[in-house]
Amino acid sequence: MKISINLLPPELITKELKKANFYKIQLAGIVIILTMVFLASLSVALRILQSRSILSIQARVTEARQKVSDLKDTQAAIMILKSRLAVVDKYWGESTNQTLMYKLMGKIIPEDITVNTITIDQKGDVSLTALVSDTLSLDNFIEKLTDKDSNEGRVSQVSIENLNRSRDGLYRVGIIIKSK
Amino acid sequence: MKKKDLIEFYSIHKLKIFPLIVALSSLFLSIFVIYPQVVKLISNQEAIGSLNKKSQLLETKVIALQSYDIEELSRKLGIILESLPPDKDYGNILGLLQRLTVNSGFSANLISFTKGTGDGAGVSNYGVQMSVKGFRDNFQTLLDSLENSSRLVRINKIEVSSRTNSPTLESSLGIEALYEGMPKNVGEVDSSLPEFSQKDEELIKELAELEQAILATSSSSAVQSPRGKSNPFE
């Protein structure tokens, strides 16, 4: 059995304990300060490395920009070609209202009606003069003009401007067809 | 206060003063060094990301631009500029209309130019009035050949007159010839490059074929086209 007896005076014991406590605090403080200094140095070092990296990427970007500038004629040709292709694609082969109305007239005018004049204006309205041998053919024509299936939904209004009967029994008719 | 007093004061209160100094130093380092550097690091990382993206975009653009065959591109541009010229091309349209009317079995009596109407979609136009005479049965062919001509034109007025029982007709056509000025801005260095679709390639091919077809028939048309007397003084 081991017996230990502290023979030191109590004041000295208190002083030694305080000293030991202070050493611990001092050690912790130094560790904290060193850690902070290390972190600060690390962040500064990383920033320096990052700056170098930025400079190298910026140099790459500048070089690529220069290469693109050298090829600006090719780029201009491509841009012009693409923009014009869009316009050509929009208009090319697209029938205007006027030609569609002319085709429609060709489809629905009966063979026994002789057309003298057809005028299709910029709105697509049709003005037509024709010779008709009998009123039945005229009725048939007007019916086709006003029927949605026959007129393909392109006609909004049909009006007979004049209707004359000549000595030879032929009817001369003037019709205005308004397009939609 | 003397140095001796200071040492004495520190030795009495060192248990409080030392941690306070450590805390203040740490706080100073955190606020004035570590925090600003970390914030800058994060923002720079974002900047690096965007710079990398831009660099990749530009490098891809350079490769794409270098991959184009300049001669082929010029040929395509030539075709499209024939179809939609940058300016009023009176001479070209005059020749084309003459060729198309003759090819459709018509003869052009009069071709005159008028002021165009604004399209509003960036495309300009000028008007062409054309009086033609020919067979009634061929008129639809003439309209179709005008509409499907490689040079962009749009028919905006049709006047047709014919005598009773006559196989021929006379017509006055109002035509808009479209053109588009060259753009002032043809793409920034950083802008992305447009890609040509299969549809674009097919359109160019069709236009080229049409132009070739018109050119091929032009020699025979020239013979058929009424050009007047070879010697006007005879």
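Is it the case that B:Leu94 is among the aliphatic types (A, V, I, L, M), outside the structural domain of B:Leu210 (by the TED database) and not in a strand (DSSP E or B)?
no
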Please specify each residue of the range B:93-145 satisfying the condition of being within 30 Å of the chain's Cα centre (by Cα), charged (D, E, K, R) and more than 13 Å from chain A (Cβ to nearest Cβ).
B:Arg99, B:Lys115
Residues that are surrounded by 18 or more Cβ atoms within 10 Å (Cβ to Cβ) and over 14 Å from A:Met105 (Cα atoms): does the range A:151-165 have at least one?
no
Residue among A:Lys103, A:Lys67 that is at the interface with another protein chain (Cβ under 8 Å from one of its Cβ atoms), closer than 24 Å to B:Val153 by Cα and free of Cβ contacts under 8 Å to residues at least 12 places away in the same chain
A:Lys103
Of the residues that sit in the range A:20-51 and are more than 10 Å from every other protein chain (Cβ to nearest Cβ) and over 28 Å from B:Val39 (Cβ atoms), which one is nearest to the chain's Cα centre (by Cα)?
A:Leu27
Looking at the range B:44-60, I want the residues that are under 13 Å from A:Arg60 (Cβ atoms) and have a partner that is of a type in the set (D, E, K, R) with Cβ atoms under 6 Å, at least 6 apart or on another chain. Which pairs are those?
B:Ser55/A:Arg60
For the range B:86-119, which residues satisfy the criterion of being surrounded by fewer than 14 Cβ atoms within 10 Å (Cβ to Cβ) and farther than 27 Å from A:Ala77 by Cα?
B:Leu110, B:Ser112, B:Thr114, B:Lys115, B:Thr117
Selected residue (criterion: farthest from the other protein chains (Cβ to nearest Cβ)) from residues of the range B:1-51 that are within 17 Å of A:Ser53 (Cβ to Cβ) and among the hydrophobic types (A, V, I, L, M, F, W, C):
B:Ile42
Show the residue pairs that are 6+ apart or on different chains and have beta-carbon atoms under 7 Å apart, the first residue being within the range B:147-169 and under 17 Å from B:Phe106 (Cβ atoms) and touching a residue at least 60 places away in the same chain (Cβ under 8 Å), the second being part of a loop (DSSP other than H, G, I, E, B) and among the aliphatic types (A, V, I, L, M).
none
I'd like to check something: does the range B:149-162 contain any residue that is under 21 Å from A:Ile80 (Cβ atoms), away from chain A (no Cβ under 12 Å) and β-branched (Val, Ile, Thr)?
no
The range A:113-139 - residue that is surrounded by fewer than 17 Cβ atoms within 10 Å (Cβ to Cβ) and more than 10 Å from chain B (Cβ to nearest Cβ) and, of those, nearest to A:Gln98 (Cα to Cα)
A:Asp139
Does B:Leu24 meet the test of being in a helix (DSSP H, G or I) and either in the same structural domain as B:Gly174 (by the TED database) or within 24 Å of B:Leu173 (Cα to Cα) (or both)?
no
Flagged in the range B:114-143 as touching a Gly at 6+ places or on another chain (Cβ under 7 Å) and in a strand (DSSP E or B), in numbering order, are B:Thr114, B:Ser124, B:Asn125, B:Tyr126, B:Gly127, B:Gln129, B:Gly134, B:Phe135
Looking at (1) without any contact (Cβ under 8 Å) to a residue 40 or more places away in the chain; (2) more than 7 Å from every other protein chain (Cβ to nearest Cβ); (3) part of a helix (DSSP H, G or I), can you tell me which one A:Ile3 breaks?
(3)
Selection within the range B:180-196 - free of Cβ contacts under 8 Å to residues at least 12 places away in the same chain and either touching a helix residue (DSSP H, G or I) at 6+ places or on another chain (Cβ under 6 Å) or more than 9 Å from chain A (Cβ to nearest Cβ) (or both):
B:Lys184, B:Val186, B:Gly187, B:Glu188, B:Pro194
Given the conditions (1) part of a helix (DSSP H, G or I); (2) surrounded by 11 or more Cβ atoms within 10 Å (Cβ to Cβ), which single one is not true for B:Asp5?
(2)
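The values are calculated or read from the model by the stated rules, or taken from the named source; none is laboratory data. Please read these numbers as outputs of a predicted model, since none were measured by experiment. So basically every Cβ, Gly included, is an ideal-geometry build from the backbone, and we count neighbours across all protein chains shown.
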